[in-house]
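Participant: Sharing a structure, written as structure tokens. Questions coming.
Each reported figure results from applying straightforward, stated rules to the coordinates on display, with no laboratory input. Keep in mind that this is a model prediction, so the values were computed, not measured. Here the Cβ positions follow ideal geometry from the backbone for every residue, glycine too, while neighbour counts run over all protein chains shown.
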Amino acid sequence: MKRSILPTIAHRLAILCYVAFALFPLFWLLKVSVTPNDLLYSEGVRLWPSRTTWDHYAFVLQHSAFPTFFKNSVIVATSTAVVVTVCASLSGYALSRFSFRAKYVIIALMLLTQMFPLVMLVAPIFKILSPLGLTNSLTGLVIVYTAFNVPFATFLMQSFFDGIPKDLEEAAMIDGATKFIAFRQIILPLTLPGIAATLGFVFTAAWSELLFALMLINGNAAATFPVGLLTFVSKFSVDFGQMMAAGIMALIPAALFFLLIQRYLVQGLTAGAVKG
Amino acid sequence: MASIQIEKLEKSYGHVSVLHGVDLNIEDGEFIVLVGPSGCGKSTLLRMIAGLEDVSRGEIRIAGNRVNDLHPKDRDIAMVFQSYALYPHMTVAQNMSYSLRLRKIAKEKIAAAVSAAASKLGLDPLLERRPKALSGGQRQRVAMGRAIVRQPKAFLFDEPLSNLDARLREQMRAEIKKMHGDLKATSIYVTHDQIEAMTLADRIVAMHGGVVQQVGSPLELYDRPANLFVAGFIGSPGMNFLAATYSAGSVILANGTRIALETVPALAPGESVTLGIRPEHVVVVNDGSGMQATVELVEPTGFGIILHLSLHGLPFKVFTLDRGALNYGSQISVRFPSQYLHLFDSSEERVA
Amino acid sequence: MTNAVGTMRGHQSRKPWLKRLASASEPWLYSAPSLILIVAVMLVPLVVGISYAFRDIQLLNPFSGGFIGLQHFRDLAKDAAFYTALKNTLWWTGASVVLQFFFGLVLALLLDKPFWGRGIVQALVFLPWAVPSFLAGLNWAWLFNPVIGPIPHWLFALGLMDQPDNILSDPHYAMWGPIVANVWWGIPFFAITLLAALQAIPRDLYEAASIDGANWFQRFWSITLPFLAPTIAITVLLRTVWISNFADLIVVMTGGGPADRTQIVASYIFTQAFKRLDFGYASAIALVLLVLLLAYSMLIVLLRQTLLNKD
């Protein structure tokens, strides 16, 4: 069969456009972050400066609270991701494998949590956490982020569980496993891609969250990266190089995590789509 | 090994009833085949014995002990699934040893049991592979191996061969039979394929609409089907049925032909009945003495020939080993030997 | 799973109640941690938040806190800024969803075809989703900034601008800034969900259609779209609701300005709550937004039901 090469070229060109559009803003961030201050304005629209420097990074790391922010963000995002994944694995399993009367009430409640502006919760949550000593604390942030991310993560995990045949659990039970052992030894290992996807998704979300981090935390000691960056931006609003260096550093962990898990995300949604 | 008793077993989902009081006594070491069309309740019955479905009413006893409320893991039974249900993340050896490992059996004993089962099934070279790297037939063998490794009280098979191609199915069928001969294990086997049922079973349980229709040896079901359903389900090609009226020791077909019966059933004259005869029992005669029929279609199977006839406008099948049948004209005549006739009354029960 | 049903209906007299209780409570045990968190950290505060809409809650005013009935809503009915924000929300949400959906669908179709390097391309084009939203906002604000960003200069060179200005401070075009940032950031979401749905379409359908002589557009129209329709409906619905509530980009890029031209309801709530610290009024606006979004969702679901019933 003879095929015209034109569609292939068009396809590759379109792909190229998308890649360029997706990466250009990030590239620009990188470019400004390594441009020496004296070249910033004279070479404003050049794609790459004639001279590069790591000074901005060095300054941010040495003369700002960024290492603290970084550490706080890693703690908060990692703990949130782990706790959410554990909770969502259990509840996603319940939604996937049991039919109980309240199931649809639970699903409706979880959908409702996706519908309203979270801003509305700031003051009430502050009032609830404050007497417990959980404001201005990383634990408080982890609790709040966990709750925010559990509904979506539950749906994600449910679609992964739906993709695993029930036969396997039944075979395990006949082989002598309790329901919980079948869940732990047979189902969970098969859901590893789903778990990876959920971990990555939640990590990225917790890493990025700004609003509640801003409202529940004051002072640098417990501030996370987004808050730090934002205060940095308002404090040093003239030094673009330093801001962008900080931005690049904020981006790296989330981007790494995402690159690792993005294909599982497609896989997980496919599993759900096949069933639905 | 153990016997299994099932008493007045019922299953319903809400208001939908799928099993209506099943009674069954399975002897120690017996090979029982549950057969019937899809939706007849045979798989539900098997899953209830396994403990995968709750019992709505009635009782199941394994080795004399009531197991209604026992978790599957405590029933000491093994099951081969239609999908095989092999654990994808475990090797063949791990799949086979999983049940023993859960029971915390000593490592050496596990290794011995696995290698014994593997050599019995010819799985030795595959022990370190994952299910993904196996062919359909090999997966089926692993599923069997996983079951026999444990020496359970009973084996349950849920249509284990239906995902295999015809040749492999035949081969595995023979192997299952041979294995049962060796192990003498109580086995319950669910299938919709009557050939599997006939070849494997010590006793067949024919089910339809959640009710047991007949229990008996394969030949009993073939020779003396208890009702129209069993008569039609067992045998291939299926039995021919003709509407008729009873009249003093003989039946009169719709076209007026009178056929004498060997035994006299307890029927009132004039009662409407159904006459059954298997295609392989119909005799083709060339002397014009039988009933006239038109040949509509000739299907040679190699082994024999299936003739599709029209008998006074009704479809009718004949199976014959005579190759001469290929050259019959469009008109033939057929005769029904009286010893092969089956007679069913208006409530579809066998009367002769 | 039929276990739970069977347990409730069958054999009540003989089954030990403890065991029945155990098997009925099993799904609850699995869902308990998630449910407790959701109820404690989202639903209880939501109810409290709704109650604020009827009270006078001002953070810096120690005498506030009293019940004031529908006063906030009466104020809201007369609040011109709110109506502007409502109009802007429609514009912001509509443009963002349509563009994200269109470009996301095209990207999903491009990625559905196997080609050399697809894995890495997929990872790269989905990358914007991993960028924290506030950083995406800052990033695009910088790109639109004529001092360090290239976009004004490009627009100037193309003759689309008289001089390289920041469109974020131009009242007529300012909304396009956050919308472009939002499209950049949101394409991956649509592309990922649609790609997943595309990959679930049985391939032999396309082969059958090709043999029947259907060209690419006919195949797209008669196979791809009908198969994607349920996914499209649900993602567009969820995304619309989500984007209406999504204030980060606007807050970071324009703060609602210039002259409220980019103020959407979500950012207006943010402004009321954190600039003016009037949580009562902010809650009232949020409640109105919630009701509107619920109504919109109901409408879509009903519409979908009627369309499905028609077939």
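Participant: Treating only the Cβ atoms of Lys and Arg (+1) and Asp and Glu (-1) as charged, compute the dipole magnitude of region B:4-233 about its Cα centre; round to the nearest 20 debye. List each step's numbers first, then the result.
Facilitator: Numbers: 31 positive and 26 negative charges, 195 e Å.
Using only the charged Cβ atoms, the result is roughly 940 debye.
Participant: Using all alpha carbons of region C:115-224, what is the percent of pairwise distances in each 10 Å bin, ordered from the shortest bin to the longest?
Facilitator: Final binned percentages: 12, 28, 24, 19, 14, 3.
Participant: Over region A:1-53, one equal point on each Cα, no solvent: what is log10 I(q)/I(0) by the Debye formula at q = 0.26, 0.32 Å⁻¹?
Facilitator: -0.93, -1.14
Participant: Can you give the % of DSSP beta bridges in region B:4-233 that are antiparallel, to the nearest 5? The partial results should precede the final answer.
Facilitator: Details: 20 of 37 bridges.
Here the share of antiparallel DSSP bridges comes out near 55 percent.
Participant: In a solvent-free Debye calculation with one equal scatterer on each Cα, what is log10 I(q)/I(0) for region C:213-285 at q = 0.23, 0.24 Å⁻¹, listed in the order of the q values?
Facilitator: -0.98, -1.02
Participant: Let me ask you something else. So who's got an amide H within less than 5 Å of the one on B:Gly58, skipping anything under 5 residues away but keeping other chains? H placed 1.01 Å off N, in plane.
Facilitator: B:Glu10
Participant: Do me a favour and compute the ellipsoid semi-axes for region B:112-207 from its Cα gyration tensor, root of five times each eigenvalue, largest one first, whole Å.
Facilitator: Working: eigenvalues 103, 55, 22 Å².
In descending order the semi-axes read 23, 17, 11 Å.
Participant: Given the -39500 (n - 2.57) contribution per DSSP H run of 4+ residues, what per-residue ellipticity at 222 nm results for chain B, rounded to the nearest 500 deg cm²/dmol?
Facilitator: Values: 8 runs with 85 residues, N = 352.
Value at 222 nm, helices only, nearest 500: -7000 deg cm²/dmol.
Participant: Can you give the translational diffusion coefficient of chain C in µm²/s, computed by Stokes-Einstein from the Kirkwood radius over Cα pairs at 10 °C and 1.306 mPa s?
Facilitator: Details: Rh = 23.5 Å.
The calculation lands on 67 µm²/s.
Participant: Given the peptides B:70-78, B:130-138, B:241-249, arrange them by the average over their residues of other C-beta atoms within 10 Å, most packed first. Don't jump to the answer; show the numbers that get you there.
Facilitator: Numbers: B:70-78: 20.3, B:130-138: 14.8, B:241-249: 16.6.
Ranking, from highest mean packing down: B:70-78, B:241-249, B:130-138.
Participant: Quick check: net charge around B:Glu348, other residues with Cβ under 15 Å of its Cβ, Lys/Arg +1 and Asp/Glu -1? Please report the intermediate quantities before stating the final value.
Facilitator: Working: positive: B:Arg224, B:Arg350; negative: B:Glu271, B:Asp345, B:Glu349.
Local charge sum for B:Glu348: -1.
Participant: If you don't mind, another one. Could you pull out the longest piece of chain C with no exposed loop trypsin sites (Lys or Arg not before Pro) in it, calling a site exposed if DSSP puts it outside H, G, I, E, B and it has at most 16 other Cβ atoms within 10 Å? Before the final figure, lay out the partial values.
Facilitator: Values: sites that count: C:Arg14, C:Lys78, C:Arg276.
My reading of the result: C:79-275 is the longest stretch.
Participant: Moving to a separate point now. Please report the projected area of region C:80-161's Cα convex hull averaged over all directions, in nm².
Facilitator: 8.4
Participant: With a bin width of 10 angstrom, please list the P(r) values of region A:94-164 as percents of all Cα-Cα pairs, from the 0 bin to the one holding the largest distance.
Facilitator: Whole-percent P(r) values from 0 Å outward: 17, 39, 28, 15, 1.
Participant: Also, quick follow-up: Once the dipole of region A:168-254 is set up with Lys and Arg at +1 and Asp and Glu at -1 on Cβ about the Cα centre, which of A:Ala206, A:Leu251, A:Phe232 lies farthest towards its positive end?
Facilitator: The Cα lying farthest towards the positive end belongs to A:Phe232.
Participant: About the Cα centre of the protein assembly as shown, how large is the charge dipole given +1 on each Lys and Arg Cβ and -1 on each Asp and Glu Cβ? Please answer in debye to the nearest 20.
Facilitator: 1400
Participant: Further, regarding this structure: Per the Kirkwood treatment, what hydrodynamic radius in Å, one decimal, follows for chain B from the mean inverse distance over all distinct Cα pairs? Let's see the in-between values first.
Facilitator: On the way: mean 1/r = 0.0440 Å⁻¹.
Value: 22.8 Å, from the Cα pair sum.
Participant: In whole Å, largest first, what are the principal axis extents of the Cα atoms in region A:70-128?
Facilitator: 43, 26, 19
Participant: Ok, one more. If we sort C:159-171, B:114-126 on the protection proxy, mean other Cβ atoms within 10 Å, highest first, what's the order?
Facilitator: Numbers: C:159-171: 14.2, B:114-126: 16.8.
So the peptides C:159-171, B:114-126, ranked by packing, come out B:114-126, C:159-171.
Participant: Counting Lys and Arg as +1 and Asp and Glu as -1, each charge on the Cβ, what is the dipole of region B:240-344 about the Cα centre in debye, to the nearest 20? Walk me through the intermediate numbers first.
Facilitator: On the way: 5 positive and 7 negative charges, 6 e Å.
Dipole of region B:240-344, to the nearest 20 debye: 20 debye.
Participant: Taking beta carbons within 10 Å but only from partner chains, what does the mean come to for residues C:102-108? Could you put the intermediate results ahead of the total?
Facilitator: Details: counts 0, 2, 0, 0, 3, 6, 1.
Partner-chain Cβ atoms within 10 Å, mean over residues of C:102-108: 2.
Participant: Please state the Cα pair-distance histogram of region B:102-159 with 5 angstrom bins from zero: what percent is in each bin?
Facilitator: Computed distribution, short to long bins: 4, 17, 28, 24, 19, 8, 1.
Participant: For B:Asn240, enumerate residues with amide H under 5 Å from its amide H, sequence gap 5+ or separate chain, H modeled in the peptide plane.
Facilitator: When sequence neighbours closer than 5 places are left aside, the close amide H contacts are B:Ile277, B:Arg278.
Participant: Once Lys and Arg get +1 and Asp and Glu get -1 on their Cβ, which of C:Gly213, C:Tyr268, C:Phe246 lies farthest toward the positive end of the dipole of region C:190-273?
Facilitator: The listed residue farthest towards the positive side: C:Tyr268.
Participant: Any idea what Rg and Dmax come out to for region B:240-344 if you just take the C-alpha atoms, in Å?
Facilitator: Looking at region B:240-344, its Cα Rg and Dmax stand at 14.1, 45 Å.
Participant: Hey, another quick one. List every residue whose amide H lies under 5 Å from the amide H of B:Val285, counting only residues 5 or more places away in sequence or on a different chain, with H placed 1.01 Å from N in the peptide plane.
Facilitator: Those qualifying (amide H under 5 Å, at least 5 residues apart or on another chain) are B:Ser333, B:Val334, B:Arg335.
Participant: Using θ = phi - 60° and the Karplus curve 6.51 cos²θ - 1.76 cosθ + 1.60, what whole-Hz ³J(HN,Hα) does each residue of region B:344-352 get, with Gly and Pro shown as x?
Facilitator: 10, 7, 5, 8, 6, 8, 6, 10, 7
Participant: Something else: Which whole-number percentage describes the relative contact order of chain B, with Cα contacts under 8 Å and a sequence gap of 6 or more? Please list the in-between numbers first.
Facilitator: Numbers: 707 pairs, mean separation 55.4, N = 352.
Answer for chain B is 16 percent.
Participant: Let me ask something additional. Looking at chain A as a GNM with Cα springs under 10 Å, which of A:Arg97, A:Arg12, A:Arg184 has the largest mean-square fluctuation?
Facilitator: In this elastic network of chain A, the residue with the biggest mean-square fluctuation among A:Arg97, A:Arg12, A:Arg184 is A:Arg12.
Participant: Would you compute, from DSSP H runs of 4+ residues alone, the mean residue ellipticity of chain C at 222 nm, taking -39500 (n - 2.57) per run and dividing by the full residue count, rounded to the nearest 500? Mind showing how you got there, number by number?
Facilitator: Working: 15 runs with 207 residues, N = 311.
Calculated from helices alone, the mean residue ellipticity at 222 nm is -21500 deg cm²/dmol.
Participant: Okay, moving on. Using the charge dipole of chain B (Lys, Arg: +1 at Cβ; Asp, Glu: -1 at Cβ; taken about the Cα centre), state which of B:Thr91, B:Met291, B:Leu121 has its Cα farthest towards the positive end.
Facilitator: Of the options given, the answer is B:Thr91.
Participant: Residue-wise, which Karplus ³J(HN,Hα) couplings in Hz belong to region A:109-118, taking 6.51 cos²θ - 1.76 cosθ + 1.60, θ = phi - 60°, and x for glycine or proline?
Facilitator: Working through the residues one at a time gives 4, 5, 5, 4, 5, 8, 9, 10, x, 5 Hz.
Participant: Viscosity 1.002 mPa s, temperature 20 °C: give me the Stokes-Einstein translational D for region B:1-152 in µm²/s, with Rh taken as the Kirkwood radius over C-alpha pairs. Please report the intermediate quantities before stating the final value.
Facilitator: Details: Rh = 16.9 Å.
The estimated diffusion coefficient comes to 127 µm²/s.
Participant: If you don't mind, another one. If you build the Cα gyration tensor of chain A and take the root of 5 times each eigenvalue, what three semi-axes come out, in whole angstrom, biggest first? Walk me through the numbers before you get to the answer.
Facilitator: Numbers: eigenvalues 314, 173, 50 Å².
In descending order, the three semi-axes are 40, 29, 16 Å.
Participant: Taking the alpha-carbon set of the protein assembly as shown, what are its Rg and Dmax in Å?
Facilitator: Taking only Cα atoms of the protein assembly as shown, I get Rg and Dmax of 36.4, 120 Å.
Participant: Which one, B:Glu59, B:Glu299, B:Glu170, has the greatest fluctuation when you compute a Gaussian network model over chain B with C-alpha springs under 10 angstrom?
Facilitator: B:Glu299
Participant: For C:259-269, what's the mean count of beta carbons from other chains sitting within 10 Å of each residue's beta carbon? Show your work: numbers first, answer last.
Facilitator: Working: counts 0, 0, 0, 0, 0, 0, 1, 3, 2, 1, 4.
Rounded to a whole number, the mean comes out at 1.
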